[in-house]
1. With +1 assigned to the C-beta of every Lys and Arg and -1 to the C-beta of every Asp and Glu, and no other charges, what is the dipole magnitude of region A:5-74 about the Cα centre in debye, to the nearest 20?
2. Please report the spacing between the Cα centers of region A:54-91 and region A:112-179 in Å, no decimals.
3. Hey, got the average number of other protein chain Cβ atoms within 10 angstrom for residues in B:51-60?
4. Determine the relative contact order of chain B: mean sequence separation of Cα pairs under 8 Å and six or more apart, normalised by residue count, in whole percent.
5. In chain B, what residue has the beta-carbon at the shortest distance from the axis of the rotation relating B to A, and what is that distance in angstrom, rounded to the whole number?
6. For a Förster distance of 41 Å, can you work out the FRET efficiency between the beta-carbons of A:Glu91 and B:Glu133, rounded to the nearest 0.05?
7. GNM, chain A, Cα, under 10 Å: largest mean-square fluctuation among A:Val232, A:Val46, A:Val65?
8. Using the 7 Å Cα-to-Cβ label point, sort the distances from B:Ser25 to its equivalents in the other copies shortest first and give them in nm to one decimal.
There are 2 protein chains.
Amino acid sequence: MPTSENESPPVYREIAEALRSAIASGELADGDRVPGENELMRQYSVARATARQALSVLINEGLVVPIRGSGIYVRTFRPLRRHGPRRLSRELWGTGRSIWQADAADRGFETDNIEVSEDPAPEHVIRALGLAEGARVVRRRRRYRLDGRPMQLATSYLPLDLVAGTPITRVDTGPGGIYARLADLGHAPAHFTEEIRVRMPNPVEARDLRLTAGTPVLEVLRTALTDDHRAVELNEMTLDGSAYVLQYDFDA
Amino acid sequence: MPTSENESPPVYREIAEALRSAIASGELADGDRVPGENELMRQYSVARATARQALSVLINEGLVVPIRGSGIYVRTFRPLRRHGPRRLSRELWGTGRSIWQADAADRGFETDNIEVSEDPAPEHVIRALGLAEGARVVRRRRRYRLDGRPMQLATSYLPLDLVAGTPITRVDTGPGGIYARLADLGHAPAHFTEEIRVRMPNPVEARDLRLTAGTPVLEVLRTALTDDHRAVELNEMTLDGSAYVLQYDFDA
């Protein structure tokens, strides 16, 4: 907070700590309703502003989630496991399945808000794909949902001179998706680099991913390279940080 | 916030959006001081509470950072690149260097708050290391700092029957660290799994990593396995989310 410590009485912190302990011990379990402002006011004999501040602390820590018109609940954390190397193996997309199926198994997943355009490459895309100044790219935006819940926003960039007129420029890229089509063109991805950053969402991301307060996002920036190390795709992904575990396996 | 939308006038959101745009456009650059409460009150003719609320929004988004007794500044983001597979290659620790050196290059890094103890294995460690019920482990806690700034907290667990009486139970494990000592014992790590989660910090982590508001942490859970797939270490790491880019390279 921008205010100095000594302006706030510490009692809201004590209340927050009591609730935090109850969550840590399991006394308040995943999905349980936590005491509301009125209950905290009675229980601790404090003003509404103090009760509210205690709850705000836990909301900003992401421990509890306010559900409008219902109450505040302990966050339920059952993330999807996203296995970096396995989901991108050629055995998957090479046989016409989608990468997303590797994560979601038999759960109901869908892609929506698909937008495809042909644009001048932004500066960072020129660098990542090793393009000439002024080069154009196909940009594919989409959102992934699992059982109706938005999980991820993604924007892929591919060199236009490589993919112009192919199914990669259409909304439906066909079985196996972008990577299978790149393989059809003789540019199959052989190597991947993923960079992971974490930050709080901006308001547009919070809206599109329906994030509650205290939920950070994971930024995953993937570059796909061919066998001869030509960069053929840059994919900028924004993941609901409460919805994912990322896994990477490698050798010493 | 736990309060209903219509209790708050939307003007604080407009002010937050104006400042957010100024940061996005570069008008307010990394490390710049942003207008304080008094300046916002004058500029927008609003009450102090409104100005404070606008700034709180940006603080909770992690876009700006309050420095006590000085002001509020645009967050400076120059993260350390942590290259998963490369930093754990045997070529590094096998020649007596520390893993941390792969990240920090020639910058000043140090380890502090080192605590070594021998304890009954917690339940999740029993599962991760495939131990018998009631088995004991060596637990090593430490904090990593770069140029004085706390970057990471880490707690490693190793089976006591494997490492009892070795330098792994001492504060200084010697050149190449834990992995070089495991190799001395004939249990060199050959495979690694890293799981990444993101969440907001708890108050102890926020204190030990000196995190400002709006800074999430990365949890990295690493399991080290020998050539014959015996798990020899579980390492639970908590990273300052604003200080790191994690990189993983792999093949299709």
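1. Working: 7 positive and 10 negative charges, 54 e Å.
Roughly 260 debye for region A:5-74.
2. Spelled out, the Cα-based centre of one part sits 27 Å from the other.
3. Numbers: counts 1, 3, 1, 1, 3, 5, 1, 2, 4, 7.
Partner-chain Cβ atoms within 10 Å, mean over residues of B:51-60: 3.
4. Result for chain B is 18 percent.
5. In residue-and-Å form, the answer is B:Pro216, 2.
6. It comes out at approximately 0.60.
7. Result: A:Val46 has the largest fluctuation of those listed.
8. From this label point to the equivalent ones elsewhere in the assembly: 5.3 nm.
Read-outs throughout are calculated quantities, based only on the coordinates presented, and are distinct from any laboratory measurement. Quantities reported herein were computed from a predicted structural model and do not represent experimental measurements. Heads up, the Cβs are rebuilt from the backbone with ideal geometry, glycines too, and the neighbour counts pull from every protein chain shown.
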